[in-house]
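Since the structure comes first, as structure tokens, the remarks are kept for the end.
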Amino acid sequence: MKEERSLSLLQLMVNEGLVPSLEEEENRKTVIEKLKQIVVAWVKRVAWQRRLPKQDIAVTSATLLTYGSYGLGVHGSESDIDALCVGPYFATMLKVLVVPENLDILNPVFLRDIDETGWKSLSRVLANTQICRLVPDLKKFQSMLRCVKFWAKRRGVYGNLNGFLGGIHLAILAAFVCQCDPFVGLSALISHFFKKFAFWPWPRPVELQDETLHPTLNPTETRLYMPIRLPFSSYEYCHSNITKSTFYKIRTEFLRGHNLTKDLLKFDFDWHNVLEPFPYTKKYAWFLKIFLSASKQDELGDWVGWIKSRFCCLLFKLEEVQGLCDPNPAEYIDVNIADPHVIF
């Protein structure tokens, strides 16, 4: 029965378009390969402009590292590709002449003497690499994370800018459950995920098991509602915008998920109930609508980015006035309006 529940969940993911087709996968690989060629050509041009010796120009190289949902292998049909260009010292911040295509980013040689900007750029790649290394079964982890992200989006608890859980937060939480229960199937992992975090004693940090690291107490973690440690560091934590209101909403949704999945073998169990979209209009009577418009689509993109980066400040102010605020991460378009616009 549990195996049947796992298969029905996987099929649901396919039906929802969360698993890209083989053709889409090939397109992505082609794009990444073309981008790598552009990066290598750029590095060699910079080497020539800097008047490096011919033998150095011949061997110098660069590469492209993917991270985010694509790097973890949990991207969907509509997902973008997060990529980081890594080049030699004369073009970027790494103190090497040659960057191999199959770069091991955890190799201390490449991490030596990197400044703060370089470290920030590499942090997401390092996190992805460590997560994939530490989970006992990568394919099972990928299926689980795909499901968990879909649940978070459906229930309105996904999106770091809105004060909820971002992709990296969910990836570490899912990897943690995979480490705790390495031998159970997909449906049981999802059930254990909800149970684990519905009753987790926050603000106790969530940390992946890694024998190479010895976590140390970071004073900043006590100020976070849900501290989640980055898997490549013994003291750094995921950046978080979680507020009092969004923390309450996340906890409520964990508990709801637990109540719906604690008995997977019930005859009337249905994943659609777990993944039902959050009913904002039934739940609330008062809404704040933010309408953004611009004369050109390009201008709208910059405008939306600027506004989104300030959502957290708005949340804190609304909490001061209202006590509770539940931001809806979805973006809407009004078909009756011609100008480029977006509604929150």
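The values are calculated or read from the model by the stated rules, or taken from the named source; none is laboratory data. Owing to the predicted nature of the structure, the values given are computational and were not obtained by experimental measurement. Cβ atoms come from the backbone with ideal geometry, glycine included; neighbour counts cover every protein chain shown. The accessibility values were calculated without ligands, DNA or RNA, using every heavy atom of the protein model including side chains. Shrake-Rupley method; radii C 1.70, N 1.55, O 1.52, S 1.80 Å.
Solvent-accessible surface (1.4 Å probe) assigned to Thr281 amounts to roughly 120 Å².
Accessible surface for Arg204 stands near 130 Å², nearest 10, in the context of the full protein assembly shown (1.4 Å probe).
Computing Rg and Dmax of the Cα atoms in Å for the structure here picks out one of (i) 21.2, 82; (ii) 20.0, 68; (iii) 22.2, 73, namely (iii). Pairs of lysine residues in region 19-134 that meet both criteria, 8 or more places apart or on different chains and Cα atoms under 24 Å apart, total 10.
Would region 193-344 count as rounded, prolate or oblate if I go by the C-alpha gyration tensor, calling it rounded below 1.5 in a/c and otherwise prolate when a/b exceeds b/c, oblate otherwise? It is oblate, given that a/c is not under 1.5 and a/b is not larger than b/c.
What is the sum of charges, Lys and Arg at +1 and Asp and Glu at -1, for the other residues whose Cβ falls under 11 Å from the Cβ of Met144?
On the way: positive: Lys139, Lys140, Arg146, Lys149; negative: Asp137, Asp181.
Value of the local net charge: +2.
Can you bin region 19-134 into rounded, prolate or oblate? Criterion: square roots of the alpha carbon gyration tensor eigenvalues sorted a ≥ b ≥ c, rounded for a/c under 1.5, prolate for a/b above b/c, oblate for the rest. Oblate, since a/c reaches 1.5 and b/c is not below a/b. If one takes the longest principal axis of the Cα atoms in the chain, at what angle in degrees, from 0 to 90 and to the nearest 10, does the Cα axis of helix 138-154 lie? Taking Cα atoms only, the helix is inclined about 50 degrees.
In the assembled protein chains, Val19 presents an accessible area of approximately 60 Å² (probe radius 1.4 Å).
Rounded to the nearest 20, the Cβ-based charge dipole of region 19-134 about its Cα centre (Lys and Arg +1, Asp and Glu -1) stands at 680 debye.
Between region 56-113 and region 265-290, the alpha-carbon centres lie 41 Å apart. Distances between placed amide hydrogens fall under 5 Å for Leu230 paired with Glu236, Tyr237, Cys238, all partners being 5 or more residues away or on another chain. Secondary-structure-derived ellipticity at 222 nm for the chain, considering helices only, amounts to -15500 deg cm²/dmol, per-run term -39500 (n - 2.57) for DSSP H runs with n ≥ 4. Rounded to the nearest 10 degrees, the angle from helix 116-134 to the longest Cα principal axis of the chain is 60 degrees. Helix 22-49 axis versus longest C-alpha principal axis of the chain: approximately 40°, rounded to the nearest ten. A straight Cα-to-Cα reach below 15 Å connects Lys289 with the aspartates and glutamates Asp326, Glu331, Asp334, residues fewer than 8 places away in its own chain not being considered.
FRET efficiency for the pair Glu4 and Tyr332, taken as 1/(1 + (r/R0)^6) with r the Cβ-Cβ distance and R0 = 45 Å, rounds to 0.75.
Restrict the search to region 248-291; then list the trypsin sites (Lys or Arg not before Pro) that DSSP places in a loop and that have at most 16 other Cβ atoms within 10 Å of their Cβ. Mind dumping the intermediate values first?
Numbers: sites: Lys249, Arg251, Arg256, Lys262, Lys266, Lys282, Lys283, Lys289; in loops: Lys262, Lys266, Lys289.
Those that pass, being in a loop and sparsely packed, are Lys262, Lys266, Lys289.
Which lysines, if any, have their Cα less than 26 Å from the Cα of Lys262, not counting same-chain residues under 8 positions apart? Within the straight-line limit of under 26 Å, Lys262 reaches these lysines: Lys2, Lys139, Lys140, Lys149, Lys153, Lys195, Lys196, Lys249, Lys282, Lys283.
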